[in-house]
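Read through the structure below, which is laid out as structure tokens, and then see the notes.
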Number of protein chains: 4
Amino acid sequence: MQKSRLEAFSDGVLAIIITIMVLELKVPDGTSWNDLSVLMPKFISYIISFLYIGIYWGNHHHLLHTASRVTSQIMLANLNLLFWLSLVPFSAGWMGESHFARNPVALYSANLFLAGLAYFILQKAIEKTAHPDNILAKALKRHSIKGIISQIAYAVGIATAFYFPMVSVTISFIIAVIWLIPDKHIEQALH
Amino acid sequence: MQKSRLEAFSDGVLAIIITIMVLELKVPDGTSWNDLSVLMPKFISYIISFLYIGIYWGNHHHLLHTASRVTSQIMLANLNLLFWLSLVPFSAGWMGESHFARNPVALYSANLFLAGLAYFILQKAIEKTAHPDNILAKALKRHSIKGIISQIAYAVGIATAFYFPMVSVTISFIIAVIWLIPDKHIEQALH
Amino acid sequence: MQKSRLEAFSDGVLAIIITIMVLELKVPDGTSWNDLSVLMPKFISYIISFLYIGIYWGNHHHLLHTASRVTSQIMLANLNLLFWLSLVPFSAGWMGESHFARNPVALYSANLFLAGLAYFILQKAIEKTAHPDNILAKALKRHSIKGIISQIAYAVGIATAFYFPMVSVTISFIIAVIWLIPDKHIEQALH
Amino acid sequence: MQKSRLEAFSDGVLAIIITIMVLELKVPDGTSWNDLSVLMPKFISYIISFLYIGIYWGNHHHLLHTASRVTSQIMLANLNLLFWLSLVPFSAGWMGESHFARNPVALYSANLFLAGLAYFILQKAIEKTAHPDNILAKALKRHSIKGIISQIAYAVGIATAFYFPMVSVTISFIIAVIWLIPDKHIEQALH
């Protein structure tokens, strides 16, 4: 019962975050393809961010599955995660608006890094409540190696942003694609 | 359990898409009916888009009914569908703002085409999991003829947009109305 | 199952409508109380509209309770109701922005009238499916007298808007307050 | 059944309030850290408001748990609470936009005070329906001392805003942090 409301609230917030980002794509004044192509950096920012929020939704969904109950700690850790994700429309908007300038790209990578950290904290809080023989919980634990690699990649992305911002954008995109590939262990645990 | 959260997230995103489109209808500065009538193209775009999102919600609702479980493939295909639908407020806004100019109308038709394609991919992913004797699943399969005709109509709409944009707008509207007519096979399958 | 998703989608749309109206209240540039008081007409529009969406949510909630199943007709009638309600932020915004000018107030009353009509159509579609001995359904039927009076009041409000717009605003407000008073028959039916 | 829809609607509204606040953080035109730091007051307003909406969601969640049924009074009291919370994005936006000027800070404290009052009214309405031996209901009653202290603090915050606005902002922040500390009685009642 309790868990379902935590899910409902998180689903609501994630659904809104993923959708209001499109409001950053302001309708162009002209009607030529040129007027539209100016929006390309914003559109790329939108795609990457859409992927990230979608991936977080999927992982969050699996993670909460393994929680046997909702503690205050889980509620706080969840709120913390939603906070960092709620900043994605802003940092993605700045990155797109600036056509991938250095500082905005660094901020975006930092945002992804902090959201990843918040997810890790939530995972730890939920693991405490999971039944020891929950196979999904075990699959998610193995998962965390992917999480650590992502965190290192985001940290690298923050650094490279000041020299080659497009490298950082590419890193963010590649990490998103890696997360999109279904994880065999999780697939098996769900069946 | 899992399916209900996929539905909740999709419902949230679709509810937000359908509602934020109204934000494109900026309140006019004056108070005459003339000031209001300038918004007519935007309002027409809003009506068509509202119908489409509403129809997609209804079809999505029936389609997910037939899924026996939620695979990673379904989650990805669903995210892909939501992505294309999330662009409808933008492409509808451009179409309305430009008073149905050629390029924006073509883009809108292309958006409907790509959303239709994404729906088809989701349908294929869900069909794989459906029980073979699910009568709703069978009704939806028969349904796909309507889907193929719609896709052809949208493709025609993209082409005609460059010569007679209003023809494309009319096509989009007619296809929406066709989908609004309740399908007898589905009605029966639901009873 | 089906009904719960119709409720979820409607709840989502109504929750968004009620909340995005606050986006019309643009933060003032200055910091004096005078700068704030300029927003008073918008704020009054917001209060009335908030009440209406809240009341519609409550009534919708009771009405769907009495539906034994979700037909295509109910889905369409529900979509129609959500459409007219989705225009409330726009018409309320115009009314507030114009400081209760004639045309905007008439449009707002017309919007309430059309939403009321849409609700009536939905009620008829749902009544068809209700079990004959459902006491809540009976209580809601008695309810429809209140609905008819409201419709007449909105129609009067459209007419008076062109001469005394504040009378129309007052009518809208009074009708909202009347609906806020809990209905004894429904209260009893729910216990 | 009924309760779950009240929760769903409230969750929806709270999720939207917490998320649209980020729309007040307008993407800066420049790309220097200076351009970003101008947003600091808005960002602080965002953090405090995010915490408040998050806390209200958590408390609302626990409070509704103790309701044995949903009366008209509860529905009205809930709508009243959502109304005051829906104004938080506006008052937080004014406070941030004005860089913590006197009047906006006073308005923000007043908003928190009125939301607290609305919560108290909802609590009273729900207590009436709670089973006498509900331990969570008892824990929440003990909780109300924290509520009364908060109300006094907000009232002090309204007064100090006219002399030392930063003191009021600090009070709001400290009260938020106090509410974030998990309550032992509630934790126990939930286990």
With an 8 Å Cα cut-off and a minimum separation of 6 or more residues, compute the relative contact order for chain A in percent. 25 percent
Most mobile listed residue (A:28, A:41, A:104) in chain A, GNM with C-alpha springs under 10 Å: A:28
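Residue B:120: net charge of surrounding residues, Cβ under 14 Å, Lys/Arg +1, Asp/Glu -1, itself excluded? List each step's numbers first, then the result.
Values: positive: B:124, B:128, B:141, B:146; negative: B:127.
Around residue B:120, the charge tally is +3.
Specify whether the C-alpha gyration tensor of the range D:29-106 places it in the rounded, prolate or oblate class, a ≥ b ≥ c being the square roots of the eigenvalues: rounded for a/c under 1.5, otherwise prolate if a/b is larger than b/c and oblate if not.
Numbers: a/c = 3.93, a/b = 2.53, b/c = 1.56.
In terms of gyration-tensor shape, prolate.
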With a ≥ b ≥ c taken as the square roots of the eigenvalues of the C-alpha gyration tensor of chain A, please select rounded if a/c is under 1.5 and otherwise prolate if a/b is larger than b/c or oblate if it is not? prolate
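Given charges of +1 on the Cβ of Lys and Arg and -1 on the Cβ of Asp and Glu, with all other atoms neutral, how large is the dipole of chain B about its Cα centre, in debye to the nearest 20? Spell out each step's value before the answer.
Details: 13 positive and 10 negative charges, 128 e Å.
So the dipole magnitude of chain B works out to roughly 620 debye.
Using a simple charge model, +1 on the beta-carbon of Lys and Arg, -1 on the beta-carbon of Asp and Glu, nothing else, what dipole does the range B:15-126 show about its Cα centre, in debye to the nearest 20? Walk me through the numbers on the way to the answer.
Working: 5 positive and 4 negative charges, 86 e Å.
My answer is approximately 420 debye.
Counting other C-beta atoms within 10 Å, and keeping those with at most 12, which DSSP coil trypsin sites (Lys or Arg not before Pro) do you find in the range B:42-131? Working shown, then result.
Details: sites: B:42, B:69, B:102, B:124, B:128; in loops: B:69, B:128.
Here the sparse-neighbourhood loop sites are B:69, B:128.
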For the range B:45-55, in order, what is each residue's ³J(HN,Hα) by Karplus, 6.51 cos²θ - 1.76 cosθ + 1.60 with θ = phi - 60°, in whole Hz (x at glycine and Pro)? 4, 5, 4, 4, 5, 4, 4, 4, 5, x, 5
Diffing the range D:75-80: the Karplus 3J(HN,Hα) column from phi (6.51, -1.76, 1.60, θ = phi - 60°), in whole Hz with x for Gly and Pro, holds 4, 5, 5, 5, 4, 4
Under 28 Å Cα to Cα from residue B:42, which lysines show up? Leave out anything in the same chain fewer than 8 places away. A:26, A:42, B:26, B:146, C:26, C:42, D:26
Given R₀ = 51 Å, what would the calculated FRET efficiency be for residue D:128 paired with residue B:166, taking r from the Cβ atoms and rounding to 0.05? 0.25
Normalised per residue, the volume of the convex hull around the Cα set of the range A:80-123 (Å³): 45 Å³
Here the range B:26-32 yields Karplus 3J(HN,Hα) values (6.51, -1.76, 1.60; θ = phi - 60°; whole Hz; Gly and Pro given as x) of 5, 4, x, 6, x, 10, 7
Rounded, prolate or oblate: which fits the protein assembly as shown when a ≥ b ≥ c are the square roots of the eigenvalues of the alpha-carbon gyration tensor, with rounded for a/c under 1.5 and prolate only if a/b beats b/c? rounded
Distances in nm from residue B:127 to the matching label points in the other copies, shortest first (labels 7 Å along Cα to Cβ): 4.3, 4.3, 6.0
Which value in deg cm²/dmol, rounded to the nearest 500, describes the helix-derived mean residue ellipticity at 222 nm for chain C, given -39,500 (n - 2.57) per DSSP H run of n ≥ 4 and division by the residue count? -26500 deg cm²/dmol
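Since every read-out is calculated from the coordinates, none of them should be taken as a lab result. On a predicted model such as this, the values are computed, not experimentally measured, just so you know. Using ideal geometry, Cβ is built from the backbone for each residue, glycine included, and neighbour counts are taken over all protein chains shown.
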